[in-house]
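Every number here is computed from the coordinates shown, using simple stated rules; none is lab data. Because the structure is predicted, anything quoted here is derived from the model rather than measured. Using ideal geometry, Cβ is built from the backbone for each residue, glycine included, and neighbour counts are taken over all protein chains shown.
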Amino acid sequence: MTTKQTQDEKLVINIPPLELQTFTLKIVGDTPLICHAWSHKAKQMILQKQLKKASIGRETRRPWVEFAESLYWLSEKPNLDDFTDEQARDVLQDIIPHSKFGFPAVAFKAAALDAGFQQGILVRNAGSGDLAKTTARGAFHIIGDELTVIDGIPTIREDTVRIGGAVKNAGLCYRGEFKTWSTELLIRYNPRPITPEQIANLFRLGGFANGVGEWRPARNGNFGTFHIE
């Protein structure tokens, strides 16, 4: 004889808890970290183009203002709109040593996952104990704010860049550079599919093979490389 569950009966579902764990990774830069945050001006230009509005034309270059705009500020960002470049330089040289800066935490995870796939640690079709890239992506996360705190003091750097690789479109670019730097990443992970040792190894590979920031190895450069301690 079979019985049917009535509407008054409650179905009890036992869901096992996720036994998530955390640990901290100390990241230490081996080569300088070059920042290139999107400035408010650049975002406005993109918006104007999408809205099909007329551009305002080229403004006078202000290298020190461009340098400030390239940084990811955690301290209050100074308003340099009405400053000459010389005035901006004086203000920045005074406040930067006492300010805090960050860098997108997701860039470090991307470096770890991409390097793991490139080096064969993560595979496309996992099997026989292999770990898939998609599995690893969901198995650990960097927790905290969007920006991880960078321990270091940025300086201004001047580079020659080519837009689209054409010599006729060459120009100068002013960005922030951390010659020496480090950061700490708080990692939350699911110990069922992945171990702390595997995660640390992915970051070790990512620091060497991919790096973070502008002109990193993943973009034909040698900046932004790091190791773990």
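Key figures for this structure:
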{"quantity": "Cβ-based exposure ranking for Leu122, Leu25, in which fewest neighbours within 10 Å come first", "calculated": "Leu25, Leu122"}
{"quantity": "Residue order, fewest to most surrounding Cβ atoms within 10 angstrom, among Arg157, Arg124, Arg137", "calculated": "Arg124, Arg137, Arg157"}
{"quantity": "Summed residue charge, Cβ within 15 Å of Ile228's Cβ, Lys/Arg positive, Asp/Glu negative", "calculated": "-2"}
{"quantity": "For Lys26, net neighbour charge (Lys/Arg +1, Asp/Glu -1) across residues whose Cβ lies under 14 Å away", "calculated": "-3"}
{"quantity": "Contour excess over end-to-end distance, with Cα ends at Lys100 and Glu86 and 0.36 nm allotted per residue", "calculated": "2.8 nm"}
{"quantity": "Three-way shape call for segment 73-198 based on the alpha-carbon gyration tensor, with the a/c threshold at 1.5", "calculated": "oblate"}
{"quantity": "Projected label distance in nm at Phe208 and Thr135, using a 7 Å step from Cα toward the beta-carbon", "calculated": "2.4 nm"}
{"quantity": "Calculated FRET value between Asn79 and Asp151, using beta carbons and R₀ = 22 Å, to 0.05", "calculated": "0.30"}
{"quantity": "Length gained when the stretch Ser182-Lys26 is fully extended (0.36 nm per residue, less Cα-Cα span)", "calculated": "55.4 nm"}
